[in-house]
Amino acid sequence: MRTVTLEGRGAFDEWRDAARALLADRVAPDQVRWQLSGEGADLFGAMLPETEPVDVPSGTAVPKGFIEAAEAAICHTDPDRFSLLYRILWRLQAERALLQVSSDPDVSDLVRLIKNVRRDSHKMKAFVRFREVDAVQAGRRRFVAWFEPEHFIVARTAGFFQRRFTDMDWLIATPKGSAAWNGRDLKSSQEPAARPEAEDETDELWRTYFANIFNPARLKIKAMQSEMPKKYWKNMPEASLIPDLIAGAERRVAEMAERQASQPPAFHERLQAQWRGREGEEASVDLPPLERLRHEAAGCTRCPLHCHATQTVFGEGPKDSEIMFVGEQPGDTEDLAGKPFIGPAGRVFDEAVAAAGIDRTQVYVTNAVKHFKYERRGKRRIHMRPDAGEVAHCRWWVAKEIEIIRPRIVVALGATAYLSLTGESRPIAEVRGMPIPMQEGRMLLVTTHPAAILRMPDPDLKARSLEAFRSDLQGVRRLFDTLPAL
Ligand code: URA
């Protein structure tokens, strides 16, 4: 009998080296006792006699797919994982297609381990919450997070965080190892880490965001708890809101049903008001350029969208803003109030802008299309995406806004804004995050639209997209800090 002692915290190489040596010596699976270091010698095993090597079919090549499967399964906490993998490796020498036999008990055990590990890794990507710690070092902000995975997945999942949060220094500590990134090296350790103490305003941000995206009318408690299992709640700042949100859901749904739908004034009423406004047209000649443009845009009839919208929603912000954000088109709230980004998408935008250290009152915020396009469903007005013709008609106003304000950085929020600013229709993923030169030395940055994040049905994807959005806005901030004045 052979005894193999491993550290066993998800380190595949350690198991592979031991398995290779056993296979070379033709030691059959039932003649190997796998144990973890620190567990002490197995007295019964030690008393067993050494056995003669048995015959194993020649050729130790491993079928494609086994290594990948073993790399995942080894991260499981199941104490039998080492022997299971060795047994499968042994059997693969003769049964080359074993991995395709899903009814085989060893294979189905392997599949179960892999599924658990992947799910744990997926949850880690969705539920790690970073908190900022102490001062910036060498120009980089520093963050820590505490997470409690079920399996030894930290090293395996660290690459995701390196790619997603490449521009900040971070440490993810867990009872099953930790990982850290400093902009150059990604390091991971298998040792249990201590919980770092940190709480910052990001916690409040998560809570505000969660309260905003929580839709009481769509509440399905079981589905929610399966997506966001309770065991993760204690490390997620927003989870403290869940009990109250659930308790108040019924009341909020009743209130929503009672509330009247938003109603813009009838078309003829609005046109008359517009014409009354035009009586002062000549006076607008004396207005400063941006105010004059706003006044002109208020009577815009370049495309049919003006017929059903309440009013033109023009951009807002100081006329010497150095950053200009361009959204898609006003939503229901913006249409009624006449101001951009003040509804649910505006709240997500405000939070991410503030978290990036950008003062919203110092930036110019506008839209590619200045009238709300919607379809009526019962009492509600449902957002409709503007088409290329409507974007083209409105581009004239956006170009004028840029000409007058002369920002150093223009940020396209979503594909419609990108189309308006470049004339190109491209998936955001192809262009996001990289500065694109515009005229006069200004730079264009592209990110997703906050309303697109709010519309995502999958909470994990939503949380990841929000992180990516916030990280893009931090990129805007960094570019702003480095770009020379125009
Ligand atoms: N979405 C936009 O693109 N703009 C707004 O003003 C509001 C929502």
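The values are calculated or read from the model by the stated rules, or taken from the named source; none is laboratory data. Source: prediction; values computed, not measured. Cβ coordinates were reconstructed from backbone atoms using ideal geometry, including for glycine residues, and neighbour counts include every protein chain displayed. Side chains are part of the model used for accessible areas, which takes the heavy atoms of the whole protein and leaves out ligands, DNA and RNA. Shrake-Rupley method; radii C 1.70, N 1.55, O 1.52, S 1.80 Å.
Computed quantities for the displayed model
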| quantity | calculated |
| --- | --- |
| Where a residue in region 137-161 is of a type in the set (S, T, N, Q) and its partner, wherever it lies, is not in a loop (DSSP other than H, G, I, E, B), with Cβ under 6 Å and at least six apart | THR157/SER121; THR157/MET124 |
| Test: residue in region 462-473 that is in a strand (DSSP E or B) and more than 16 Å from the ligand (Cβ to nearest atom) | no |
| Residue within region 152-162 that is assigned to a strand (DSSP E or B) and crowded, with 16+ Cβ neighbours inside 10 Å present | no |
| Number of the condition not met by GLU440 [criteria: (1) in contact with a strand residue (DSSP E or B) (Cβ under 9 Å, 6 or more places away or on another chain); (2) modelled with pLDDT under 95] | (1) |
| Candidates GLU238, GLU250, GLU204, GLU191, filtered to the one that is among the charged types (D, E, K, R) and open to solvent by less than 30 Å² (accessible area, probe 1.4 Å) | GLU238 |
| Selection from region 347-359 of residues that are within 13 Å of the ligand (Cβ to nearest atom) and in contact (Cβ under 8 Å) with a residue 24 or more places away in the chain | ARG347, VAL348, PHE349 |
| Test: GLY331 is in contact with a Gly (Cβ under 6 Å, 6 or more places away or on another chain), in contact (Cβ under 8 Å) with a residue 60 or more places away in the chain, assigned by TED's automatic domain parsing to the domain that holds ALA415 and within 12 Å of the ligand (Cβ to nearest atom) | yes |
| Residue in region 416-434 that is touching a Pro at 6+ places or on another chain (Cβ under 9 Å), farther than 22 Å from PRO318 by Cβ, outside the structural domain of GLN225 (by TED's automatic domain parsing) and within 16 Å of the ligand (Cβ to nearest atom) present | yes |
| Test for CYS307: is it touching a residue at least 40 places away in the same chain (Cβ under 8 Å), touching a Gly at 6+ places or on another chain (Cβ under 9 Å) and more than 16 Å from the ligand (Cβ to nearest atom) | no |
